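The values are calculated or read from the model by the stated rules, or taken from the named source; none is laboratory data. This one's a predicted model, so the numbers in the text were calculated from it and none came from an experiment. Positions of Cβ are backbone-derived with ideal geometry, glycine not excepted, and every protein chain shown enters the neighbour counts. What goes into the accessible areas is simple: the full protein's heavy atoms, side chains included, and nothing from ligands, DNA or RNA. Shrake-Rupley method; radii C 1.70, N 1.55, O 1.52, S 1.80 Å.
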Amino acid sequence: MTFQNIKFEKHGRIATVTINRPDKLNALNMATMEELRSAFSAIKEDAEVRVALLTGEGQKAFVAGADIGELSKHNTISAKEYTHKGQSVLDLIEDMGKPVIACINGFALGGGCELAMACTMRIAGENAKLGQPEVKLGIMAGYGGTQRLPRLVGKGLAMQMLLTADMITAQEAHRIGLVNEVVPQDQLMKRAEEIAAKIIANAPLAVQYTMEAVNHGMEMTLQEGLYLEATLFGICCSTDDKNEGTKAFLEKRAANFTGK
Ligand code: COA
């Protein structure tokens, strides 16, 4: 695959996607969104890849938002279409059955913060700044910010970020649960790879079904979510990996999972 706006690398079981428009602080134009769709569709289908990392090129930005030049040209109909299209890329990232770790290496604003929120977890460099500044431009969040941000940090803090347009530091994002960890900038990818390695050591189907239970369960009542969990637990118990995992524990050895 060749891309103009992103870089795509695969090392063993980890795929790394880097948004590569540093002169525009990695702003998301539609061409970039379509390349992200292709890259994550390929990751989804590639059984060898177990975890993806998503970051931005350079030291300054993860993604400084949707491309404002493109946004300025939209009318009612095209903006609605543009938003649906962009949202579907973030939905793909959120729900592809493999963890995606956002490595936030600088500004994550607007669509950048929303892209990070669609990832399975977020690690930030110490220089990261996060925010939803859309209302400053006379628009509102359109890639899921009004929905994923309150689910992650609670309604009050989400309202404050969405309505003031203030940027928050990596440390503040950590305090409110928007990012999982803050690490020195030069340790960001290494730390994400450590987390990825831990996930990769576990049973692939158990990881996938756990993500399904959390993602779909969040949209259900507690009783519906518990029913989904019990059903997926049952499916896990029919896998070879369940036999191997429990047997390996009893035999005091490391499990050799096959994803079956
Ligand atoms: N869309 C398009 N271009 C963007 C952009 C965006 N979201 N964010 C930054 N850029 C471009 C700038 O226009 C500039 O391009 P130029 O050199 O051709 O003029 C380049 O990236 C560097 O940005 P600059 O503003 O000079 O850097 P800075 O360090 O002074 O400021 C920010 C950094 C992030 C504070 C500032 O770029 C900014 O506010 N960006 C917009 C953030 C935003 O509102 N995002 C939500 C969009 S819905």
Query raised in the report: Are there any pairs, at least 6 apart or on different chains, whose C-beta atoms fall under 7 Å, with the first in the range 111-126 and in the same structural domain as Val182 (by TED's automatic domain parsing) and the second assigned to a strand (DSSP E or B) and of a type in the set (Lys, Arg), and if so, which?
Result: Ala116/Arg122
Query raised in the report: Are there any helices (runs of 4 or more DSSP H) wholly within the range 148-260 with 3 or more residues that are over 22 Å from Glu114 (Cβ atoms), and if so which?
Result: 188-200, 204-217, 222-236, 240-250
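Does Glu229 meet the test of being open to solvent by 70 Å² or more (accessible area, probe 1.4 Å) and among the charged types (D, E, K, R)? Can you show your working first?
On the way: open to solvent by 70 Å² or more (accessible area, probe 1.4 Å): yes; among the charged types (D, E, K, R): yes.
Here the answer is yes, as Glu229 does meet what is asked.
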Query - Matching residues in the range 1-35 - criterion: being on the phi > 0 side of the Ramachandran plot and either within 16 Å of the ligand (Cβ to nearest atom) or of a type in the set (Asp, Glu) (or both) - result: Leu25, Asn26
Query raised in the report: If a residue has to be open to solvent by less than 30 Å² (accessible area, probe 1.4 Å), within 26 Å of Glu194 (Cβ to Cβ) and more than 15 Å from the ligand (Cβ to nearest atom) to count, how many in the range 84-94 make the cut?
Result: 1
Query raised in the report: Does Ile168 satisfy the condition of being in the same structural domain as Leu90 (by TED's automatic domain parsing), over 25 Å from Gln132 (Cα atoms) and surrounded by 17 or more Cβ atoms within 10 Å (Cβ to Cβ)?
Result: no
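Residue check: is Phe3 in contact with a Leu (Cβ under 8 Å, 6 or more places away or on another chain), open to solvent by less than 60 Å² (accessible area, probe 1.4 Å) and either aromatic (Phe, Trp, Tyr) or modelled with pLDDT under 95 (or both)?
On the way: in contact with a Leu (Cβ under 8 Å, 6 or more places away or on another chain): no; open to solvent by less than 60 Å² (accessible area, probe 1.4 Å): yes; either aromatic (Phe, Trp, Tyr) or modelled with pLDDT under 95 (or both): yes.
In short, no.
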Report summary line: Picking from Glu48, Glu81, the residue that is open to solvent by 30 Å² or more (accessible area, probe 1.4 Å), under 27 Å from Asn180 (Cα atoms), more than 16 Å from the ligand (Cβ to nearest atom) and out of contact with any helix residue (DSSP H, G or I) (no Cβ under 8 Å at 6 or more places or on another chain) would be Glu48
Requested in this report: Keeping to the range 225-241, report how many residues are in contact with a helix residue (DSSP H, G or I) (Cβ under 7 Å, 6 or more places away or on another chain) and more than 9 Å from Leu205 (Cβ to Cβ).
Outcome: 4
Requested in this report: Could you identify the single residue in Gly69, Gly97, Gly112, Gly58 that is surrounded by 24 or more Cβ atoms within 10 Å (Cβ to Cβ) and not acidic (Asp, Glu)?
Outcome: Gly112
Query raised in the report: For residues in the range 132-152 being closer than 14 Å to Ala64 by Cβ and either surrounded by fewer than 23 Cβ atoms within 10 Å (Cβ to Cβ) or of a type in the set (S, T, N, Q) (or both), which is nearest to the ligand (Cβ to nearest atom)?
Result: Pro133
Query raised in the report: Residues of the range 118-131 being open to solvent by less than 10 Å² (accessible area, probe 1.4 Å) and either within 16 Å of the ligand (Cβ to nearest atom) or out of contact with any strand residue (DSSP E or B) (no Cβ under 7 Å at 6 or more places or on another chain) (or both), which ones?
Result: Ala118, Ala124, Gly125, Ala128, Leu130, Gly131
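Consider Val214 carefully, then state whether it is under 30 Å from Ala128 (Cα atoms), modelled with pLDDT of 95 or more and in the same structural domain as Thr120 (by TED's automatic domain parsing).
Answer is no for this residue.
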Report summary line: By residue number, the members of the range 98-142 that are part of a loop (DSSP other than H, G, I, E, B) and of a type in the set (Lys, Arg) are Lys98
Query raised in the report: Which of the residues belonging to the range 240-260 are small (Gly, Ala, Ser) and either open to solvent by 90 Å² or more (accessible area, probe 1.4 Å) or more than 14 Å from Gln208 (Cα to Cα) (or both)?
Result: Gly245, Ala248, Ala254, Ala255
